[in-house]
Amino acid sequence: MQAEAQPRRPGTGAPGPAAAIGTAIFLLLAVAGLFYVKWDPYFHKAFAAAAHHSLGASIVTGKTAAAPATGWTAAWDFTVAYGKDIWEALVVGLVLGSGVQALLPRSWLLRVLGGTHYRGVALGGAAAVPSMM
């Protein structure tokens with residue numbers, strides 16, 4: 001009589017070619033998305049700030065010297081202006097968050113970032129630095 005084969009638990013064993021392809025797609029999305037919404041714009045803004053000794057107009061006051069009067073209109077105007085400024089980064093963040101769930105091997109994420117040790121916290125923080133989060 002032969003011993004019954006134990007079913008393989010998900011997330012165990014060596015990741016296959018699908019995991020490598022998913023990881024490559026995730027890295028491509030991350031680099032392209034972060035370059036488009038974070039790295040390239042801020043690279044140019046840094047030189048402009050150095051040349052003009054200013055970060056530019058405030059999102060609150062615009063080109064005026066004083067902030068607008070407080071109230072629902074000012075709050076709504078700020079919300080709309082802020083949304084226009086960050087919508088691309090928000091979309092990239094949602095795509096990357098979905099990519100972590102769908103494209104990266106869960107076993108690898110648990111092995112590297114999981115557990116109760118400080119190494120996972122440090123690696124997670126280091127991974128967030130290039131995204132300027």
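Out of the residues in region 88-117 that are modelled with pLDDT of 90 or more and exposed (fewer than 11 other Cβ atoms within 10 Å of the Cβ), which is farthest from Pro17 (Cα to Cα)?
Only one residue tops the list, namely Leu94.
Condition check: at pLDDT 90 or above and not acidic (Asp, Glu). Does Val60 satisfy that?
So Val60 does not fit the description; no.
Kindly establish whether Gly125 is touching a helix residue (DSSP H, G or I) at 6+ places or on another chain (Cβ under 6 Å), farther than 18 Å from Phe35 by Cβ and assigned to a helix (DSSP H, G or I).
no
Taking the conditions exactly as written (within 25 Å of Ala30 (Cα to Cα), part of a helix (DSSP H, G or I), aliphatic (A, V, I, L, M) and in contact (Cβ under 8 Å) with a residue 24 or more places away in the chain), does Leu94 satisfy them or not?
No, not satisfied.
Looking at region 46-68, I want the residues that are over 16 Å from Val80 (Cβ atoms) and have a partner that is of a type in the set (D, E, K, R) with Cβ atoms under 9 Å, at least 6 apart or on another chain. Which pairs are those?
Leu55/Lys45; Gly56/Lys45
The values are calculated or read from the model by the stated rules, or taken from the named source; none is laboratory data. Only a predicted model underlies this, so the values are computations on that prediction, with no experimental measurement involved. Methodologically, a virtual Cβ is constructed for each residue, glycine included, from the backbone with ideal geometry; neighbour enumeration extends over all protein chains shown.
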